[in-house]
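Undergrad: Below are the structure tokens for one structure; questions will follow.
Derivation of every value follows stated rules applied to the coordinates shown; laboratory data play no part. Values in this document were obtained by computation on a predicted structure and should not be read as measured data. Here the Cβ is made from the backbone with ideal geometry for all residues, glycine too, and neighbour counts use every protein chain on show.
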Amino acid sequence: MDMRDRDVIDLDMDVEADEGRPEEELRDSVRKMALLGDRAIATIMKSYASLPEPVAIIGNGPALDFLYQNPPCKALLERYHAGETRSFAAALWRQMGPQILAAIKHGISDPAGGFMWKGDIAFKRRDKLTLDLKAHIFPLWMESEGGNRPPLYSVYFDDMTTDRHGFQRLYLDSLLKASLSKDNETGLHVQRVNFYSRRLALALYESEPEAWREIDRDFIEDIGWLAAMHDVGKIGVPERILSKNGPLTEDEWVEMREHPITGALILASFPNRMAQDIARSHHERWNGSGYPFNLLETAIPLSARIVAMSDVYDALRTRRPYKEPMSHGTAVTMIVKDGGSHFDPGLTKTFLSVASDFAAIHDANRDEERA
């Protein structure tokens, strides 16, 4: 057999190999399926085929061969380019790595633990949103008494992505409402900043993907709702400063400039690092003249550089007690002028290409004029 056709993973050596596996293992897998009998196998597969969750049957060989996959399981693996592989270990090697695979091998071989394993697996590709799954592996059938390893296992995948995102958004929504209750900004302002930031991140990803390797589908999705948290630290700024109808004094500015640090502290325990990066660094400037830490150029997190541009564009377009709103053209001119000083020049270039989209977002989500 050509070595290029092999698909054996030696978990003890932590080595990944190519497609294919020994003929004796294939024959052994077929024998194990036959142990249950045609009628039993047909009944099990029929029940699995009707389930909406991804389910598979695997053997107990070194590579944990796939013996059956229901349609949702096939679709899941194909979506993450693992549909061609014929074993559980090969399909999920890049998603789990050798340590988790070794833990699985140990769990399903341990009679004290019931020959089972349960754990988290994240399916991730740059061009796809990360899928957070909880995998359950347990014996499908016990060959005999006496603690012998089962010949067959069922694998269930529970999609935890929606639950995780829902909890995170609920948590941040409560913080956002608290910060907006003290600030003169409206909910439409933070919504617009979300939209601008997502649009700019998407443009960077589509136009120069190699230049912006940090940006993937998760980054685009995350910044599209975490950008709203940029000013959450204003919870700690006195209301007399936030509601002042006029320029701030120097002492008031000192207090105002504390809000990025406060925001970062509030979000320190949040599991997505981007939220803290945005809150802490959206007032930093490309040339190092920003605050609170005078970060320079790429020392400023990319997410914060994007949100900084989005926030300034919206501030320029918005009416304030002490200023009239600027036109779209004037706002664009000012942002381009500050490219290389206030803003990342690479972002400024891409901003110009989607500036008309910024205008459309602003016009579709205008604040109501206050009497």
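Undergrad: Going down the list K105/K134; K134/K177; K74/K128, which pairs span over 26 Å between their C-alpha atoms?
TA: Over 26 Å Cα-Cα: K134/K177.
Undergrad: Related question: Using a 10 Å cut-off on Cβ atoms, rank the peptides 355-364, 204-213 from the highest mean neighbour count down.
TA: 355-364, 204-213
Undergrad: For T348, what is the net charge nearby, where nearby means another residue's Cβ is under 14 Å from its Cβ and Lys, Arg count +1, Asp, Glu -1?
TA: 0
Undergrad: Return P(r) of the range 208-365 (all Cα-Cα pairs; 5 Å bins starting at 0; whole %; ordered from short to long distances).
TA: Cα pair-distance distribution for the range 208-365, in percent: 2, 9, 16, 20, 22, 18, 9, 3, 1, 0.
Undergrad: Next question, about the same structure. Please list, or write none, the lysines whose alpha carbon is within less than 17 Å of the alpha carbon of K323, excluding same-chain residues fewer than 8 places away.
TA: Partners found: K244.
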